[in-house]
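Trainee: The structure follows.
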Amino acid sequence: MLAPSVLSADFAFLQRDIQMLNESDAHWLHIDIMDGVFVPNLSFGLPVCKAIQKYAKKPMDVHLMIVNPDQYLEAFKEAGAASISVHYEACTHLHRSIQRIKSLGCKAGVAINPHTSVQLLRDVLPDLDLVCLMSVNPGFGGQKFIERTFQKTSELKNLILQNHSKALIEIDGGVNANNAKLLIEAGADVLVAGNFVFSSENPKATIADLCQKMAAVRA
């Protein structure tokens, strides 16, 4: 599946860009929430998320890059989140956070930074719907893809199979036409593409091309 990141959309024409994604082959809308504390940048918060909800016709995949995410889980559910991912590095009681997300009726995800080992997720994998591997350092769009992600994806895929988990693997950061096929081959299920999609002359065609490349691997 492909989940374009709204962080790279034109905020002055956000409704237009959401409608474009609705009409595209994209499967999810990836919503990055940054607080300027957990990551060195601010994105947007609940009011913008609620505004996106008004127009989104596809599931909203909310990625909380914030400290104390437990305080805001219910609010983001009400703002339209179909899935919520919290960061391993931001949660003192990760299992509790996962259970809270699931109790709200959302798919539960955990995101990990490039330096964090996938082995640290072993004890919670059976409870997860999604694992988001950061393939750049979180905080800014348009960064260079970290090549170590290919190996990390394969390691996580093996760990998921060993633990009989149904968690999907999501890759977030630096995804483009050159690495999409390799990521799917390594075991990825969902690719987040932001700058690559929205900086193209024809975002809808770029989305279609990425989806075709991904589908060809699984065919």
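Values in this text are rule-based calculations from the coordinates and carry no lab data. The structure displayed is predicted, hence computed values, not measured ones. Note that we place each Cβ from the backbone using ideal geometry, even for glycine, and neighbour counts take in every protein chain shown.
Trainee: How much length is gained on full extension from Lys213 to His93, taking 0.36 nm per residue of separation minus their Cα-Cα distance?
Mentor: 39.4 nm
Trainee: Across the chain, how many lysine pairs separated by 8 or more positions, or lying on different chains, have Cα atoms within less than 12 Å?
Mentor: Final tally of qualifying lysine pairs is 6.
Trainee: Considering every pair of different Cα atoms, what Kirkwood radius, in Å, is found for the chain? Could the numbers behind the result be given before it?
Mentor: On the way: mean 1/r = 0.0585 Å⁻¹.
Computed over the chain, the radius equals 17.1 Å.
Trainee: So, in Å, what gap is there between the alpha-carbon centers of the range 23-99 and the range 111-144?
Mentor: Comparing the Cα centres of the range 23-99 and the range 111-144, I get a distance of 15 Å.
Trainee: What is the range 121-219 by shape, rounded, prolate or oblate, if you read a ≥ b ≥ c off the alpha carbon gyration tensor as root eigenvalues and call it rounded for a/c under 1.5, prolate for a/b larger than b/c, and oblate otherwise?
Mentor: Prolate, because a/c is 1.5 or more and a/b exceeds b/c.
Trainee: Let me ask another. About the Cα centre of the chain, what is the dipole size in debye to 20, counting +1 per Lys and Arg Cβ and -1 per Asp and Glu Cβ, all else neutral?
Mentor: Value, rounded to 20: 300 debye.
Trainee: Separation between the Gln151 and Glu74 pseudo-spin-labels, each 7 Å from Cα along Cα→Cβ, expressed in nm?
Mentor: Calculated label separation equals 4.5 nm.
Trainee: With each run of n ≥ 4 DSSP H residues scored as -39500 (n - 2.57), what mean residue ellipticity at 222 nm is computed for the chain after dividing by its residue count and rounding to the nearest 500 deg cm²/dmol?
Mentor: Computed ellipticity for the chain at 222 nm equals -10000 deg cm²/dmol.
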